[in-house]
Every structure is written in C-alpha cells, then in structure tokens.
1. Against the condition without any contact (Cβ under 8 Å) to a residue 24 or more places away in the chain and of a type in the set (Asp, Glu), how does Asp434 come out, does it pass?
2. Applying the selection to the range 107-148, what residues are surrounded by 18 or more Cβ atoms within 10 Å (Cβ to Cβ) and either assigned to a strand (DSSP E or B) or not assigned by TED's automatic domain parsing to the domain that holds Gly193 (or both)?
3. Output the number of residues of the range 199-224 satisfying the condition of being within 21 Å of Asn329 (Cβ to Cβ) and buried (at least 24 other Cβ atoms within 10 Å of the Cβ).
4. Could you check the range 376-402 and list, in sequence order, the residues that are part of a loop (DSSP other than H, G, I, E, B) and touching a Cys at 6+ places or on another chain (Cβ under 9 Å)?
5. Restricting the range 139-185 to residues that are polar (S, T, N, Q) and without any contact (Cβ under 8 Å) to a residue 40 or more places away in the chain, which is nearest to Gln244 (Cα to Cα)?
6. Pull up the range 174-198, narrow it to residues that are among the small types (Gly, Ala, Ser) and surrounded by 24 or more Cβ atoms within 10 Å (Cβ to Cβ), then point me to the one that is nearest to the chain's Cα centre (by Cα).
7. Got a number for residues in the range 403-438 being closer than 20 Å to Ala354 by Cα and either over 25 Å from the mean Cα position of the chain (by Cα) or in a helix (DSSP H, G or I) (or both)?
8. Out of Leu417, Leu442, Leu424, I need the residue that is surrounded by 20 or more Cβ atoms within 10 Å (Cβ to Cβ) and farther than 25 Å from Asn237 by Cβ. Which one?
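The values are calculated or read from the model by the stated rules, or taken from the named source; none is laboratory data. Please read all numbers here as calculations on a predicted model, not as lab measurements. Because the Cβ atoms are built from the backbone with ideal geometry, glycine has one as well, and the counts that use them run over all protein chains shown.
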Amino acid sequence: MAATSAALSLPLSSKLGTNSSDSSLRFLNPKPILLRSPFFSPNVVEIKRNGISVSSASPVRSRICATSAQVMDQSVAALGSKASTVVDVDLGTRSYPIYIGSGLLDRPELLQRHVHGKRVLVVTNNTVAAIYLDKVVEALTKGNTNVSVESVILPDGEKYKNMDILMKVFDKAIESRLDRKCTFVALGGGVIGDMCGYAAASFLRGVNFIQIPTTVMSQVDSSVGGKTGINHRLGKNLIGAFYQPQCVLIDTDTLNTLPDRELASGLAEVIKYGLIRDAEFFEWQEKNMPALIARDPSALAYAIKRSCENKAEVVSLDERESGLRATLNLGHTFGHAIETGFGYGQWLHGEAVAAGIIMAVDMSYRLGWIDDSIVKRVNNILKEAKLPVVPPETMTVEMFKSVMAVDKKVADGLMRLILLKGPLGNCVFTGDYDRKALDETLHAFCKF
C-alpha cells in the first residue's frame with residue numbers, strides 16, 4: 001500500500017526559483033527569440049527562474065507572476081496530506097486561486113464564494129457523478145438556500161469530447177433558462193473540464209465557471225490555465241477558447257477512487273514539468289516515484305502543488321500561448337498524433353504524451369542537444385511510472401506526419417516542436433531543426 005510520508009525526500013523549499021543552476025529557457029520561433037515577458041517584443045528577451053531581466057529597447061509592462069500562500073498551518077519543508085494550500089494565477093482582472101488539499105469539498109465556503117448569481121449547472125460524467133455529484137451539490141447549497149443546482153451527466157471518455165456531446169450542456173442550460181449570472185461547475189477529469197469550460201465560454205457569450213478536477217491529469221495540468229475545447233476527427237483540441245475559471249478546487253481525496261491507469265496517466269504531465277523547467281522537481285520525482293505510484297498522500301499533494309506552481313507561473317507570463325506556454329506541450333505533438341491516429345480513448349492522454357515525450361527526447365538527442373544520460377533518465381522514470389515508452393505498433397510514419405501537419409503549433413506551414421536542449425530543465429520551442437532528425441526518430445519508433 002502507500003509508502004509512509006517519512007520516506008519522502010522533499011526539498012527544503014517548495015518555492016519556485018530556488019534552483020541553483022539558474023538555467024534559462026530558450027525559444028526559437030523560428031529564429032532565436034528568448035522570451036521573458038507576457039508582452040513579447042521582436043528583440044531578444046530572456047527568461048530565468050530567479051527573475052526577469054530584459055535585454056530589449058522596447059518598453060516592457062509590469063511583471064505578471066504566480067504566487068502561493070498557505071490556507072492552513074503547514075511546514076514549508078513538506079506539504080502534509082492534510083494541509084491545504086492556495087496557488088494564485090495572477091492574470092490581472094482574470095486572476096483566480098487554485099485550492100489544493102484534503103477534504104476541501106467539505107468546506108462549502110470555498111466554492112460558494114466563487115458562485116455568481118443564484119443558478120448553478122454542474123457538468124460531470126456518469127462515472128464521477130455516482131461518487132461525487134451529491135457531495136458537490138451539498139457543498140454548493142449548504143447554508144445557502146438561495147442557490148439552485150442543475151446537473152448534466154455526460155458519457156465518460158475522450159471519444160465523447162465532441163460537438164454532439166457538447167450540445168447536451170447547452171440543451172440543459174437553455175431548458176433550465178439559465179441567465180448570464182449563472183455559474184457552470186466542471187466536476188471530473190480533463191475531458192469534462194475542457195468541455196464545461198468551452199460551454200461556459202460560449203453560452204450567452206460567456207458565463208462564470210469553476211473547475212473541480214478529480215484526476216491527477218486534470219489537477220496538475222488541464223484544469224489550470226483556461227484552455228478549453230473539444231476534439232475534431234482530424235485533430236485533438238482544434239476547436240476551443242482561452243477562458244479562465246473563477247477558481248480551481250483540488251480535493252486530493254478524490255484521487256482515492258482513481259483507477260491505477262488514470263493515476264499513471266496523470267504522472268506524465270508531472271514528469272513533463274521537471275524536464276522543461278524544474279530540474280530539482282524532476283530529481284525529487286526520481287526519488288519519490290514509488291511513493292507516487294503507491295498513492296502516498298503527502299507525495300501526491302506535493303507533486304500537485306509543485307506542478308500547479310509551475311503551470312501557474314507560465315500561464316501568468318503567457319496566457320494565450322505566444323511562445324513560452326507552448327513549452328508545456330513537450331511530447332504533445334507526437335502524443336496528439338497517437339490519440340488521433342490510434343483512435344480517441346484507445347490510449348489515455350497521459351499514455352500518449354509519455355510516448356510522445358520519449359520521441360521528443362530521442363529527437364533532441366539525435367540533434368545533439370542533450371546527452372545520453374537524460375535519455376536514459378527519462379526512459380527509466382516513465383517506465384517506473386508504468387507509462388508506455390513506444391507508440392502503438394499500428395502507428396506509421398505517414399500517420400504521424402499527416403496528423404502533426406495540422407497541429408495547433410504549426411505556423412505558416414512550419415511544424416514547430418518542443419524539444420530539450422542543454423542541461424536538464426531546459427527546452428526550446430522551435431521550427432529551426434534538421435528535418436532529418438525528425439524522420440530518423442519517426443522511423444526508429446514506427447515499423448513502417
């Protein structure tokens with residue numbers, strides 16, 4: 001069962017910016033542009049973890065950053081399983097808190113302070129509804145009789161993340177005569193969060209919504225940052241909008257009912273953060289992956305918190321993915337091709353991303369941008385997390401190329417990729433690479 005929290009090797013500080021390597025992130029788009037501001041100029045700008053320095057003659061607006069604060073007493077050295085934390089996503093008037101902790105669904109004041117108006121629509125799926133819908137309705141209404149709650153229960157799975165199923169949300173909202181003061185609540189994993197958020201962005205041209213993610217994947221990644229949308233048969237997440245929630249409430253107790261495969265899937269995104277920008281976090285994962293797989297509550301709470309801090313900082317600097325935020329998609333271009341080509345729902349998102357990360361790392365090595373020790377470490381940690389390190393056998397080189405050609409990061413016909421470059425914790429977003437390396441990687445992982 002779960003490892004004891006004493007076995008964890010938590011760093012002395014969970015605050016971002018403490019890495020002594022002081023490494024910088026570089027982005028090519030397709031010419032070298034180092035980004036370090038949410039308001040990017042064509043001049044060279046540089047991003048480092050310990051602050052912002054701008055080597056540009058252009059004026060740069062005030063810094064936007066992510067902060068974290070304590071909700072309850074806790075040790076800075078270790079986030080205990082019963083401690084609660086809030087990470088703030090600082091986006092000016094669109095700022096919002098991410099509440100993280102055990103038993104947060106038993107604290108109705110957290111949800112109720114973010115409900116606008118008297119009408120709420122909870123969007124969930126048939127798996128999650130059976131476990132948590134009643135609890136959420138109680139949290140929304142306890143001591144607050146003025147609020148009425150409707151719910152719409154969608155089928156569970158990535159293959160249902162489409163326009164036909166999305167219409168069921170609109171049908172319920174219109175039939176219930178919800179108005180512009182209503183609040184949508186997403187209760188579930190990444191699919192539900194993306195669909196509910198897109199429905200909220202579109203219904204009456206925008207209503208408030210709240211995220212209550214119930215999977216590791218959604219807690220560490222998809223619920224944070226305001227990316228919403230649905231899939232198209234030709235590509236994943238091609239239809240959507242940037243739309244920020246009022247808050248994200250992460251009750252870590254919801255992971256107690258999460259299947260093992262879903263748990264492992266979410267860890268792919270956790271691993272990603274360490275690879276692209278937080279080497280210290282990656283090293284922590286290498287030491288504590290057995291505890292994460294064993295569902296140690298302290299390990300999971302810390303991994304979620306650190307992941308949210310990393311994503312909140314990136315989103316605060318680049319809300320609409322001008323460059324920096326794209327680096328959060330390490331492995332996703334290959335992974336989305338797997339999901340689309342192999343069939344939505346055949347592999348979980350994190351499983352496809354894991355194979356995609358391995359392919360991105362392989363290509364980075366072929367380009368001479370990283371050494372073989374990083375390749376080995378990535379391969380080892382993904383295996384330890386019980387994630388695939390090769391794509392499905394049915395995926396062909398042509399399938400990869402055709403799907404990747406319509407990826408959202410393609411610009412002016414140029415396929416841009418997120419690749420590792422330099423020491424651990426550094427990456428590039430670039431279209432400036434030797435196409436031969438991409439072909440070699442695809443042929444190395446595909447039989448034909």
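1. In short, no.
2. Result: Arg119, Val120, Leu121, Val122, Val123, Thr124, Asn125.
3. First pass over the range 199-224, keeping only residues within 21 Å of Asn329 (Cβ to Cβ): 201, 211, 213, 215-224.
Within this subset, residues satisfying the condition of being buried (at least 24 other Cβ atoms within 10 Å of the Cβ) are 211, 213, 215-224.
Total meeting the criteria: 12.
4. Residues satisfying the conditions are Pro391, Glu393, Met395, Thr396.
5. Of everything passing the filter in the range 139-185, Ser151 is nearest to Gln244 (Cα to Cα).
6. My answer is Gly190.
7. Result for the range 403-438: 4.
8. Result of the check over Leu417, Leu442, Leu424: Leu424.
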